[in-house]
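Nothing in this text is a laboratory measurement; each read-out follows from the coordinates by a stated rule. These numbers were taken from a predicted model, which means no experiment stands behind them. Positions of Cβ are generated from backbone atoms using ideal geometry, with glycine treated the same way; all protein chains shown enter the neighbour counts.
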Amino acid sequence: MPEVHQVILLAHGSSDQRWCETFQRLAEPTLKSVENSAIAYMELATPSLHDVIASGKQAGMKNFTVVPLFLAAGRHLRKDVPAMIAELEDQHQVSIRLADPIGMNPKLGDAIKDVVQEELESTLD
């Protein structure tokens, strides 16, 4: 039987609930279509990455992939998140892979172009 794998969409987090709701809406299509997927926040909001890993581990998961909902790999993705992952792997005895931030995927550039074109078209109406 193959091992169960969880995908975690990681957003920065904010104490502003409206900010978190925006990311929840953005994540919703993935959460509905990808089995064992969840959203987590790096800081300032819940559930935290720790909460999601602990819950997944309790449900029997041993392998996780963290997909950062970040446009680029700044300090958080170069230092803070890898340190968090190392600590969580040690604490929970699980394997966590950190994917590239979504901003590195050219499909996001195409999506931005489409949104800009829609905005331009609505401005001309």
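Magnitude of the charge dipole for segment 5-124, about its Cα centre and with charges confined to Cβ atoms of Lys, Arg (+1) and Asp, Glu (-1), is about 340 debye. The reciprocal of the average 1/r between distinct C-alpha atoms defines the Kirkwood hydrodynamic radius, which for segment 5-124 equals 15.3 Å. Sorting 113, 62 from the fewest to the most surrounding beta carbons within 10 angstrom yields 113, 62.
Summary value for the chain: 26 percent relative contact order, contacts being C-alpha pairs under 8 angstrom separated by 6+ residues. Net charge in the neighbourhood of residue 15 (other residues with Cβ under 15 Å of its Cβ; Lys, Arg +1, Asp, Glu -1) is -2.
Loop-located GluC sites (Glu not before Pro) in segment 34-125 (DSSP state not H, G, I, E or B) with no more than 12 neighbouring Cβ atoms inside 10 Å: 35. Highest-first packing order for the peptide set 102-109, 22-29, 65-72 is 65-72, 22-29, 102-109, based on the mean count of other beta carbon atoms within 10 Å.
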